[in-house]
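J.: Quick one: this structure, given as structure tokens, is what I'll be asking you about.
The values are calculated or read from the model by the stated rules, or taken from the named source; none is laboratory data. Since we're looking at a predicted model, the values are computed, not measured. Ideal geometry is used to build each Cβ from the backbone, glycine not excepted, and the neighbour counts take in all protein chains shown. In case anyone asks, the SASA skips ligands and DNA or RNA and just uses the protein heavy atoms, side chains included. Shrake-Rupley method; radii C 1.70, N 1.55, O 1.52, S 1.80 Å.
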Amino acid sequence: MALTSSMNWGVNLLISLTFLTVTELIGLSWVCFIYTIMSLASLAFVIVFIPETKGCSLEQISMELAKQTYVGTPLSGVSQRREKLVPVELVKREKELY
């Protein structure tokens, strides 16, 4: 949540500081078009990569994410399984639930 909040504030600051300058340079319609494209790209990212968590507890979300593996890419630099990151108590509790 802290990372998300920080990103939100950072992007809001960036837009607030550059909006008038960019509007004077390229015009209001082009600025709105650029923001629309960025919003659509963000929506596509969320639809494709972010899992649905509605109605799930934090433990269920942790267990569901632990079942997935990281892709060892140069961007992430992580190639370990997520089970190592989840506390053992959550694994035991998940097994008891099912």
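J.: Can you find a residue that is out of contact with any Ser or Thr (no Cβ under 8 Å at 6 or more places or on another chain), part of a loop (DSSP other than H, G, I, E, B) and touching a residue at least 12 places away in the same chain (Cβ under 8 Å) anywhere in the stretch 23-41? Show your work before the answer.
T.: Going residue by residue through the stretch 23-41, those that are out of contact with any Ser or Thr (no Cβ under 8 Å at 6 or more places or on another chain) are 23-30, 32-41.
Subsequent filtering for residues that are part of a loop (DSSP other than H, G, I, E, B) retains 27.
From what's left, touching a residue at least 12 places away in the same chain (Cβ under 8 Å): none.
Among the residues of the stretch 23-41, not one is out of contact with any Ser or Thr (no Cβ under 8 Å at 6 or more places or on another chain), part of a loop (DSSP other than H, G, I, E, B) and touching a residue at least 12 places away in the same chain (Cβ under 8 Å), which makes the answer no.
J.: While we're looking at this one, here's another question. Starting from the stretch 1-15, take each residue that is more than 17 Å from Ile50 (Cα to Cα) and list its partners that are open to solvent by 90 Å² or more (accessible area, probe 1.4 Å) and in a helix (DSSP H, G or I), counting only C-beta distances under 6 angstrom and pairs at least six apart or across chains.
T.: Final answer for the pair search is none.
So that you can scan it fast, the table gives a plain yes or no per residue for (1) surrounded by 12 or more Cβ atoms within 10 Å (Cβ to Cβ); (2) at pLDDT 90 or above; (3) not hydroxyl-bearing (Ser, Thr, Tyr):
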site	(1), (2), (3)
Ser42	no, yes, no
Pro51	no, no, yes
Thr73	no, no, no
Ser76	no, no, no
Tyr98	no, no, no
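J.: Next question. Quick one: in the stretch 1-37, of everything that is within 30 Å of Leu65 (Cα to Cα) and open to solvent by 100 Å² or more (accessible area, probe 1.4 Å), which residue is modelled with the lowest pLDDT? Write out each step before concluding.
T.: Our first condition is that a residue be within 30 Å of Leu65 (Cα to Cα); within the stretch 1-37, this holds for 1-12, 37.
Narrowing the set further to residues that are open to solvent by 100 Å² or more (accessible area, probe 1.4 Å) leaves 1, 3, 7, 9.
Details: Met1: 80, Leu3: 89, Met7: 92, Trp9: 96.
The qualifying residue modelled with the lowest pLDDT is Met1.
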